[in-house]
Structure formats: C-alpha cells, structure tokens
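Trainee: Below you will find the structure I want to go over with you.
The values are calculated or read from the model by the stated rules, or taken from the named source; none is laboratory data. The structure presented is a predicted model; accordingly, all values stated were derived computationally and were not measured. Reconstructed Cβ throughout: ideal geometry from the backbone, glycine too, with neighbour counts over all protein chains shown.
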Amino acid sequence: MRECSGSFYAELRSVAAQVDSLLEGLLSVRKYGASAAGYHGITDRLLDAMRYGVLGGGKRIRAFLTVSTARAVHRAEEYSDNKALLAGAAIECLHCYSLIHDDLPSIDNASLRRGRLALHRVFDEATAILVGDCLQSLAFAIIADADAAIYDAQVRCELISGLAEAAYTMVCGQMMDLSAEGRFIEEGSSCTTLGYSEIRALQAMKTGALMRFSVEAGAIVAQADAVTRERLRRYGDLLGLAYQIADDLLDLKISSEITGKDVAQDAIKGKGTFVALYGAEKANSMLNELLRQAEEVLSQLDITTDLLRFITCLIATRDR
C-alpha cells in the first residue's frame, strides 16, 4: 500500500472546499422554497438546520471519488471539474441526509457528528427528520434542475437513476442494520447472529451502495466505456466494504475526541459487523485484502488512477 502524500491531502482539501462552496451557495439563495411569502421564520429555521447538517466539516470523500474518477476517465485536453462537482454535491446531500437520520433517537440515538452535537440535539427531532427529507429531495434537484444544463439528457437521466438506486439500496441496508440489532424480534424469540454473507450484504447496501455510485457517477459524467464502468463499479464495491470495516474498527478503538462521533456503540447495540463476528485482528486482515483487491482492479484499467489509489491509502490509515 502506497503512502498518502501531502499533495493527495491537498487535493482532497481542495475538492472539499469547492464542494462546500457549491453547497453553501445552494443553501443560501433560498431557491428551493425557503423564501415562500409569509413563512420566512419557519423556513429560515429549516434552512439554518440544513446548513448545520451539511456544512459541518465533512471530508467529502464521496464527492472526491466522483471528481477523481471523472478526471481519471476524461482524456480530453480541456477538462473542467464542474460536472463532477455538481454530481458530487448531490451525493453529499444524500449522504448528509443519511447521517442526520442515522443519528436520530429512534435509530442510533447518537449525540455527536463530525465533532459537533448531532443535528437533532441542536434543533429538535422533528426538524432533523424534515431536514433529512429536504436534503434527499435537494440531491435530485441539483442534478435535475434546469440550471444543470451542463449535463446532456442521457447523462442527467443516468445520474438520477443511479442516485435513486443508491438511495433505495442504502435505506434497505439501514433497515437490515436495525434488524440485526434485534429491533423486530417478536416477544419470546431470540435474535439470530448474522454470518459472513449477511453482514457483507448489509454493509454493501448500507455503506457500499452510495460509495459505489460515487465512483460510477464520475464514470457517467466522463462517459466512460462499458468495460471501464464495470471495473470502476467493482472498485467502488470493494472500497465501500473496506470503508465500513475501517469505520467499525475505529468504533472499537478510537476516542470520540478523535473521530468526532459517538464510539463503542456497535458492540453495545449488537450491530452486525465483521469486527463483532471475527474480532479486530481478522477484520483488519479482511480490510487489507479488500484494499488489495481494489488496487488490483485499478491496475486493470487503462486510465490514470493515482488519485483513486490514494483513496485506498486514506481508508487504510484513517483515524476519523
């Protein structure tokens, strides 16, 4: 595994800053109903909560994957990140919505997110639910809006379809995650321990679907050929699984001050993870193997994959 260079982190920060700027604009112009006459006070509160949930210092890894993939595939001498950044911003809205809803008292009941109080702790639970609803809608509006004319019709349709599939799959994975905790066990019944295949399916859906689409969105924007797209989907699948295992390992051993969110919760809630099933040492071996496979897939591509390779390094060494 190669080392993560300073230039890579600089590129990651640069893309994150561009996505934040784009999202800042989208959540400042009151374009999506927040300026409805007579409702300024209520809608301002909603918009303030949306801004809190979205502009909270995320690394924007998913958007970075979209931009990096588009750059890798696009061979034209003149290339702009604009199309990929717009898709990345949409994906980040969907991701933030999922985090806000995950943190709700009825789901994970988390207090911290990205080093700050979870949104429902700052505002209230009802507002947090509505913020998530708005952000999911906004994700599609960003791509479908007439102002996104930088996409041709085919690209726009593929992005919307792919984002919808990722969102649906992610929610199915979240439902499986709750089921794994024993939430829906009838009285008198016992909770069934998940095995390898069930945990892999759960994590491929809950975390992997959006991670995979983040890669695929870059390929769609850059209009990659079918073979390249399929290999990039495979890379995204492996990366998503690896990311979740790395997250589960962090939950086990790193403090809240470092991760910026509640830790040691997986074991308490009985979540279905490879760490719980096999222990930290074997889970770490699985993580390294997934990242090795991801690197191998990239080596089969006839494109420049340096930034995508550095993402595997970031996952291997992340501490938050």
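Trainee: Can you pull out the residues in segment 296-311 that are farther than 9 Å from Y235 by Cβ and at pLDDT 90 or above?
Mentor: E296, S299, Q300
Trainee: Looking at segment 268-277, can you tell me whether even one residue there is more than 20 Å from the chain's Cα centre (by Cα), at pLDDT 85 or above and not small (G, A, S)?
Mentor: Quick first cut of segment 268-277, residues more than 20 Å from the chain's Cα centre (by Cα) only: 268-270, 275-277.
Then drop every residue that is not at pLDDT 85 or above, which leaves 275-277.
Applying the additional criterion that residues be not small (G, A, S) yields 275, 277.
Yes, there is a match, as at least one residue in segment 268-277 is more than 20 Å from the chain's Cα centre (by Cα), at pLDDT 85 or above and not small (G, A, S).
Trainee: Is it fair to say A128 is surrounded by 15 or more Cβ atoms within 10 Å (Cβ to Cβ) and at pLDDT below 95? Show your work before the answer.
Mentor: Numbers: surrounded by 15 or more Cβ atoms within 10 Å (Cβ to Cβ): yes; at pLDDT below 95: no.
So A128 does not fit the description; no.
Trainee: Oh, and also: If T192 satisfies all but one of (1) surrounded by fewer than 19 Cβ atoms within 10 Å (Cβ to Cβ); (2) modelled with pLDDT of 90 or more; (3) polar (S, T, N, Q), what's the number of the condition it fails?
Mentor: Going through the list (1) surrounded by fewer than 19 Cβ atoms within 10 Å (Cβ to Cβ); (2) modelled with pLDDT of 90 or more; (3) polar (S, T, N, Q), T192 breaks only (2).
Trainee: Exactly one condition in (1) modelled with pLDDT under 95; (2) in a helix (DSSP H, G or I); (3) over 30 Å from T228 (Cα atoms) is false for V155; which is it?
Mentor: All conditions pass for V155, except number (3).
Trainee: Considering every residue within segment 42-55, establish whether at least one is of a type in the set (V, I, T) and at pLDDT below 85.
Mentor: From segment 42-55, those of a type in the set (V, I, T) are 42-43, 54; that's our starting set.
Now drop any that are not at pLDDT below 85, which leaves 42-43.
Yes, segment 42-55 has at least one match.
Trainee: Follow-up question, since we're still on this one. When you scan segment 102-120, how many residues do you find that are over 25 Å from S179 (Cα atoms) and either at pLDDT 95 or above or hydrophobic (A, V, I, L, M, F, W, C) (or both)? Spell out the reasoning first.
Mentor: Initial filter on segment 102-120 (over 25 Å from S179 (Cα atoms)): 114-117.
Restricting the remaining residues to those that are either at pLDDT 95 or above or hydrophobic (A, V, I, L, M, F, W, C) (or both) gives 117.
Final tally of qualifying residues: 1.
Trainee: Counting just the residues of segment 89-128 that are hydrophobic (A, V, I, L, M, F, W, C) and part of a strand (DSSP E or B), which one comes out nearest to the chain's Cα centre (by Cα)?
Mentor: Among residues in segment 89-128 that are hydrophobic (A, V, I, L, M, F, W, C) and part of a strand (DSSP E or B), the one nearest to the chain's Cα centre (by Cα) is L112.
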